[in-house]
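Working notes, structure below.
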Amino acid sequence: MLEEIAERIKSLPPLPKSFHQMTLICKDPDASVNDLSRVIEEDPMMVANLLKVANSPLYGFRREIKSVVQAVGLFGMSTTRSLVMDMSIKKLLHVDMAPYGITPEEFASISSLQSALMLQWYGKVDASKVDLLFLAALLQETGKILIADEIAKNNETYQFRSEIESCNNIADVERMFVRITSSEVTSRIFKHWKFDKTMVEAIEYTDAIGAAPEAIRPYSFALKVVKTAIPLNAPLSERSVNMALNLLEKEKFDQTLFLGVVQSLKKSY
């Protein structure tokens, strides 16, 4: 099954032209909110999805967001680009998460929750890393889409889902069935699409922190903490949050700061 996933990645279509346009705009110091908004507004479905996210309780905006320009102004250009990229990639890969026991809508919701936790928590830990980590948190579960597809093709949905429902570590179940974790699959997908090298490596080592290069380790660790607190099978459960707090304790991170953000997110999830 590992070979099938590798072949699937090789055959992935190129990213839409809008991806590259958004990247160039965000890198251009003279570009404006209006420039980015115009690219997004070319896709009516993307506009609808962005406004839906902007008006979700996760981001806590106090008034209704009615336009793309308004959303970009509030989120900022980098965060908006990340949100739009996540939506586009999930659409491109045709999400069916039945083997993981969740719907595509629940999968999107969990990705949003992971990124919101990263934004609100790590923004107070190291703001210089948060733009990259926000996008990585949004996208780090992407590999599960291809794994789910292969599990379904091999008629192993029931067995896989049964293991997922009761496990403490989803990566262990993925290794058992397909000999690779979704983090590794995700990193291969984004390497194929020539994404930022730091982000690709940060995701790659999420399930193998000890093997991560020194410069990458802080990114991988942050992603690991967020994924541990918000796994697909038990997002923000007491068990999941405690496991994340244990990771923070071992690395001497401020647990109180993290727990405060978690409690705030629980109210809006």
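The values are calculated or read from the model by the stated rules, or taken from the named source; none is laboratory data. Everything numeric here is computed off the predicted structure, so don't read it as measured data. Every residue, glycine among them, receives a Cβ derived from its backbone with ideal geometry; neighbour counts consider all protein chains shown.
Structure notes:
- Which listed residue, of 189, 180, 164, is closer than 22 Å to residue 235 by Cβ and among the β-branched types (Val, Ile, Thr): 164
- For segment 160-187, the set of residues classified as more than 16 Å from residue 135 (Cα to Cα), of a type outside the set (A, V, I, L, M) and in contact with an Asp or Glu (Cβ under 8 Å, 6 or more places away or on another chain) consists of 177, 181, 182, 184, listed by residue number.
- Residue tally, condition aromatic (Phe, Trp, Tyr) and at pLDDT 85 or above, over segment 41-71: 0
- Leading residue by the ranking (surrounded by the fewest Cβ atoms within 10 Å (Cβ to Cβ)) among those in segment 70-89 that are within 13 Å of the chain's Cα centre (by Cα) and small (Gly, Ala, Ser): 88
- Exactly one residue among 161, 175 is over 27 Å from residue 260 (Cα atoms), over 18 Å from the mean Cα position of the chain (by Cα) and either touching a residue at least 12 places away in the same chain (Cβ under 8 Å) or not in a helix (DSSP H, G or I) (or both), and that residue is 161.
- In summary, no helices (runs of 4 or more DSSP H) completely within segment 201-269 bear 3 or more residues that are among the aliphatic types (A, V, I, L, M) and free of Cβ contacts under 8 Å to residues at least 12 places away in the same chain.
- Note on segment 1-76: enclosed helices (runs of 4 or more DSSP H) holding 1 or more residues that are out of contact with any helix residue (DSSP H, G or I) (no Cβ under 9 Å at 6 or more places or on another chain) and without any contact (Cβ under 8 Å) to a residue 24 or more places away in the chain are 2-10, 17-27, 44-54.
- Residue match in segment 114-135 (condition: part of a helix (DSSP H, G or I), under 13 Å from the mean Cα position of the chain (by Cα) and within 21 Å of residue 156 (Cα to Cα)): no
- Scan of segment 81-102 for residues that are of a type in the set (Ser, Thr, Tyr) and more than 23 Å from residue 224 (Cα to Cα), ordered by number: 88
- Flag if residue 123 is surrounded by 15 or more Cβ atoms within 10 Å (Cβ to Cβ), under 21 Å from residue 269 (Cα atoms) and free of Cβ contacts under 8 Å to residues at least 12 places away in the same chain: yes
- All conditions in (1) closer than 23 Å to residue 123 by Cα; (2) surrounded by fewer than 17 Cβ atoms within 10 Å (Cβ to Cβ); (3) among the basic types (Lys, Arg) hold for residue 191, with the sole exception of (1).
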